[in-house]
């Protein structure tokens, strides 16, 4: 069996897999262009889901299994050359630490107006103001899974109240209350921080819309660590410009990279990061156990024992 790894950002190291499976032929490439000449005989593809292209899939007639290194695989459903018989797994369950820390970077940075501090430092301005604390604040988390549970656990350590919005769960560790999506508006009205962690699909497209922003308190912040299109970006920009919400922490956007002319760049109460919420300096170590387990089960014909099966 031959395996192809396409990885340009060191999320996964071919040497780690070769050490576990020395009898397999494992190719690695830093780009799709490098991968194409290696692809024809490979039955397994390991890559971040958004790095998989139709050109690459067309070059892999023997492909039987895609091990996505990311949790989100929505990009794959847009690939015309993705055959229905290809097994797919994802990296669900490994992103909790880094995503939770990014959520707190945004919550603390926004509430304490770190952007203003940083601007004052550049200008050598000594100006003080009362610093808000997270104790007693309410975090409303839209979408409940492993990442949301990691965020909720840390919120409780900061003595925050945590409300979840989900149709799939009625209770979950770290949550004081969970309500269905039909009560999203009600939940948003309680939020000091509305944290978006729902996957993107037909039911969540623009789920966070003008009505949700209208329900939020003027002192509340929106944080998006999911997918850009879960939020109606135009409605969010309007709410920020009108100051009907206090600010935003955004790691994902409707168009990426964020266009230079997007007004979000220049807003004084918006923190922007370039889709790095799921990244970490130990990502390869985090994802290796999942991938190695699934490769072992796949080559031994134990597909029922594979983890994180998407289909």
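The residues in the range 124-158 that are within 23 Å of residue 98 (Cβ to Cβ) and either outside the structural domain of residue 187 (by TED's automatic domain parsing) or outside any helix (DSSP H, G or I) (or both) can be counted, and the count is 10.
Exactly one residue out of 219, 254 is more than 23 Å from the chain's Cα centre (by Cα), in a loop (DSSP other than H, G, I, E, B) and in the same structural domain as residue 104 (by TED's automatic domain parsing), and it is 219.
Against the definition (in contact with a helix residue (DSSP H, G or I) (Cβ under 8 Å, 6 or more places away or on another chain), touching a residue at least 40 places away in the same chain (Cβ under 8 Å) and buried (at least 20 other Cβ atoms within 10 Å of the Cβ)), how does residue 175 come out, yes or no? For residue 175, the condition - in contact with a helix residue (DSSP H, G or I) (Cβ under 8 Å, 6 or more places away or on another chain), touching a residue at least 40 places away in the same chain (Cβ under 8 Å) and buried (at least 20 other Cβ atoms within 10 Å of the Cβ) - is not met. With respect to the conditions (1) in the same structural domain as residue 184 (by TED's automatic domain parsing); (2) in a loop (DSSP other than H, G, I, E, B), residue 212 lacks only one, and its number is (2). Contact annotation: residue pairs with Cβ atoms under 6 Å, 6 or more positions apart or on different chains, pairing a residue in the range 120-136 that is farther than 19 Å from residue 159 by Cα with a partner that is surrounded by fewer than 10 Cβ atoms within 10 Å (Cβ to Cβ), are 120/127. Would it be correct to say that residue 107 is touching a strand residue (DSSP E or B) at 6+ places or on another chain (Cβ under 8 Å), at pLDDT 95 or above and either on the phi > 0 side of the Ramachandran plot or not assigned by TED's automatic domain parsing to the domain that holds residue 52 (or both)? Taking the combined requirement at face value, the residue satisfies it. Considered as a group, the residues in the range 65-85 that are in contact with a strand residue (DSSP E or B) (Cβ under 7 Å, 6 or more places away or on another chain) and in contact (Cβ under 8 Å) with a residue 60 or more places away in the chain include one that is farthest from residue 52 (Cα to Cα), and that residue is 65. The condition (being within 16 Å of the chain's Cα centre (by Cα) and touching a residue at least 60 places away in the same chain (Cβ under 8 Å)) is satisfied by just one residue among 278, 228, 247: 278. When residues in the range 196-227 are screened for being surrounded by fewer than 18 Cβ atoms within 10 Å (Cβ to Cβ), within 21 Å of residue 104 (Cα to Cα) and modelled with pLDDT of 95 or more, 3 of them pass.
The values are calculated or read from the model by the stated rules, or taken from the named source; none is laboratory data. Since this is a predicted model, take the numbers as computed values, not measurements. Cβ: placed from backbone, ideal geometry, glycine included. Neighbour counts: every protein chain shown.
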